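K.L.:
This is the structure, below, for whatever I ask next.
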Amino acid sequence: MAKGAGKVLAQNKKASHDYFIEETIEAGMVLTGTEIKSVRGARVQLKEAYISVTGGEAWVKNMHISPFDQGNRYNHDPLRERKLLLHKKQISELVGAVKRDGYTIVPLKMYIKDGYAKLLIGLAKGKKDYDKRHDMKKKEAKRDMERAFKDRQQ
């Protein structure tokens with residue numbers, strides 16, 4: 001199965017608007033029992049999430065996984081830090097890339113692949129305001145062309 005394939009549970013659409021995504025990496029996550037049950041129910045939000053590397057380990061922070069309805073006292077904290085499962089070489093490459101000016105690591109989408117929850121993370125460089133406006137103009141022009149072509153066909 002290709003990277004990023006599987007049952008998509010959550011997507012960070014704002015990431016492609018705010019950043020140029022240069023490289024993507026698939027990472028596993030360490031989750032508790034009630035967390036994986038909530039994830040399978042697609043109760044995940046990646047909007048404000050980011051990845052930091054501390055002590056040679058990658059952690060996803062600010063990712064919201066809603067508490068499981070039938071979880072009672074074993075429920076988890078919705079915003080707790082979750083460890084990412086990456087190879088040491090991948091982590092060192094990410095650290096080297098983040099030290100460059102303007103680069104960060106953002107989660108792009110969460111999905112289930114072969115029964116495991118995976119997170120597609122991207123090495124991203126921040127966009128300037130004029131880049132965002134240029135992308136919006138291109139998107140709008142493409143939409144107008146498709147609309148005109150569709151009208152012509154009918």
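The values are calculated or read from the model by the stated rules, or taken from the named source; none is laboratory data. Keep in mind that what you see is a predicted model, and the values were worked out from it rather than measured. Positions of Cβ are generated from backbone atoms using ideal geometry, with glycine treated the same way; all protein chains shown enter the neighbour counts. Accessible surface is based on the protein model in full, side chains and every heavy atom, while ligands, DNA and RNA are left aside. Shrake-Rupley method; radii C 1.70, N 1.55, O 1.52, S 1.80 Å.
K.L.:
So which residues in the stretch 116-150 are modelled with pLDDT of 90 or more, in contact with a helix residue (DSSP H, G or I) (Cβ under 8 Å, 6 or more places away or on another chain) and assigned to a helix (DSSP H, G or I), if there are any at all?
P.N.:
none
K.L.:
Looking at LYS47 and the list (1) open to solvent by less than 70 Å² (accessible area, probe 1.4 Å); (2) of a type in the set (Lys, Arg); (3) part of a loop (DSSP other than H, G, I, E, B), which single condition is not satisfied?
P.N.:
For LYS47, the exception is condition (1).
K.L.:
Within the stretch 64-93, restricting attention to residues that are modelled with pLDDT under 90 and among the hydrophobic types (A, V, I, L, M, F, W, C), which residue is most open to solvent (accessible area, probe 1.4 Å)?
P.N.:
Among those that are modelled with pLDDT under 90 and among the hydrophobic types (A, V, I, L, M, F, W, C), it is LEU79.
K.L.:
Pairs please, first residue from the stretch 70-84 and under 13 Å from MET29 (Cα atoms), second anywhere and outside any strand (DSSP E or B), Cβ atoms under 7 Å, 6+ apart in sequence or on different chains.
P.N.:
Between residues of the stretch 70-84 that are under 13 Å from MET29 (Cα atoms) and residues that are outside any strand (DSSP E or B), the close pairs are ARG82/VAL30; ARG82/LEU31; ARG82/MET63; LYS83/VAL30.
K.L.:
Working only within the stretch 12-44, note down all residues that are assigned to a loop (DSSP other than H, G, I, E, B) and among the basic types (Lys, Arg). So that I can check it myself, show each step before the final result.
P.N.:
So in the stretch 12-44, the residues assigned to a loop (DSSP other than H, G, I, E, B) come out as 12, 30-32, 41-43.
Across the stretch 12-44, the qualifying residue is only ARG43.
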